[in-house]
Each structure stands twice: as structure tokens, then as C-alpha cells.
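J.: Supplied in C-alpha cells, the structure appears directly below.
Only the coordinates and a few stated rules stand behind these numbers; no lab work does. Worth saying up front: this structure is predicted, and the values here are computed from it rather than measured. Quick reminder, even Gly has a Cβ in these numbers, built from the backbone with ideal geometry, and neighbours come from all protein chains shown.
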Amino acid sequence: LDAYDFEGHAALAASLDAPIATGEMLTGFGEHAQLIMANGSDFIQPDAPRVGGITPFLQIMALAEFKGRMLAPHFAMEIHLHLAAAYAHEPWLEHFEWLGPMFNEQMQLKDGRMWVSDRPGLGFSLSEQARKWTREMESFGRKP
């Protein structure tokens, strides 16, 4: 199904016993609200950078909680870990070990669960390697 076929997702979810997880491609609160209100999934998968940041992500979580949906944030858990930990129902989290070099701190798993650090903010800082990846590498125009 197309990510924006909310009615199709609702029909699929209603016809299957298996839980449906979707929403990782949606780009804002309004789109997630349509999916949630259509009963288009059992698990919502918002992605904070894709939906506009932490505030819209929290709004999506509030609506999902109100409608009894489970949470399985999409992609970079370093961004989503604290947000997921604040959800009323136990969330699912993706973990991509290949993102490890981007951060000075690493995700810590114990007994199948992610440990939430007590470091400030999201608890992660960009590594020197990640900073090198994000620096401008090109120059334009004439050099003096």
C-alpha cells in the first residue's frame, strides 16, 4: 500500500490478525493523525526528523496514546530513545549498529532492552568522524 493510503491501511488492519506497523514515511502530525484516526495501524512509526522535530513527534505520541496505538519509532534511536521511554505503553525500538560511529556515546542494550542514559538532552554527541562527514568539502567562486 502507498504510505498515504490511510483507508487502505485501515482495511488491511481490520482484515488481519497480525499487527500492522507503518508511518515511517509520513512527514508531519497531520498525516500521522489521518493514519491514526483511520485505524490504519496497530503500531505507529513516526520519525522525529521527518515529522519536523520533537514537538510534532510528541503530538503524534499523544494522539497515538489516546487512540491506544503502540509506538515503534523509525530509524535513529539515538534521537528517539528518550521520547519512546516517555510513552505510556512499552514501545519497540529499531537499532542500527552501523550508526555507532556517528556518536561519541553508544546505545547500551541489556536483556533485549535499551538503557536510557542520564546525560543531558538526548544523551548523545556527534563524534569527530561525524563532524568530518558534515563539514563543507567544496568551495565555489574565485579564490583570492
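J.: Each residue of the range 29-35 in turn: what ³J(HN,Hα) in whole Hz from Karplus with 6.51, -1.76, 1.60 and θ = phi - 60°, glycine and Pro shown as x?
T.: 4, x, 5, 5, 4, 4, 4
J.: Using Cα pairs under 8 angstrom and six or more residues apart, how large is the relative contact order of the chain, in percent? Please list the in-between numbers first.
T.: On the way: 204 pairs, mean separation 22.7, N = 144.
16 percent.
J.: Another question, then. Mind checking the alpha-carbon convex hull of the range 59-136 and giving the volume per residue in Å³? Walk me through the numbers before you get to the answer.
T.: Values: hull volume 8.8 nm³, N = 78.
Expressed per residue, the convex hull around the Cα atoms of the range 59-136 is 113 Å³.
J.: With no solvent and one equal point scatterer per Cα, compute the Debye intensity ratio I(q)/I(0) for the range 27-99 at 0.15, 0.23 Å⁻¹ and report its log10, rounded to two decimals.
T.: Debye curve over Cα of the range 27-99, log10 I(q)/I(0) at q = 0.15, 0.23 Å⁻¹: -0.42, -0.99.
J.: Right, something else. Looking at the range 7-143, I'd like the Rg to Rh ratio, where Rg is from alpha-carbon atoms and Rh is Kirkwood's inverse mean 1/r.
T.: Values: Rg = 17.6 Å, Rh = 16.5 Å.
On the Cα set of the range 7-143, Rg over Rh gives 1.07.
J.: 5 Å is the cut-off here: which amide hydrogens, built 1.01 Å from N in the peptide plane, fall below it relative to Ala76, excluding neighbours closer than 5 in sequence?
T.: Here nothing satisfies the definition.
J.: I need the peptides 25-35, 10-20 ranked by packing, meaning the mean over residues of other C-beta atoms within 10 angstrom, with the highest value on top.
T.: Working: 25-35: 18.5, 10-20: 12.2.
So the order, starting with the most tightly packed, is 25-35, 10-20.
J.: For helix 54-66, what angle does its Cα long axis make with the longest principal axis of the chain, in degrees from 0 to 90 and rounded to 10?
T.: Once rounded, one gets 20 degrees.
J.: Within the range 62-140, list the GluC sites (Glu not before Pro) lying in a DSSP loop whose Cβ has at most 10 other Cβ atoms in a 10 Å radius. Numbers along the way, then the final one.
T.: Details: sites: Glu65, Glu78, Glu94, Glu97, Glu105, Glu128, Glu136, Glu138; in loops: Glu94, Glu105, Glu136, Glu138.
Sites meeting the loop and neighbour criteria: Glu136, Glu138.
J.: Residues with amide H under 5 Å of Glu105's amide H, sequence separation 5 or more or different chain, H placed in the peptide plane at 1.01 Å from N; which?
T.: Here the answer is Ser125, since their amide H atoms fall under 5 Å of that of Glu105.
J.: Taking θ as phi - 60°, what are the ³J(HN,Hα) couplings along the range 14-22 by the Karplus curve (6.51, -1.76, 1.60), each to the nearest whole Hz, with x for Gly and Pro?
T.: With the stated coefficients, the range 14-22 comes to 6, 8, 10, 7, 5, x, 9, 10, 6 Hz.
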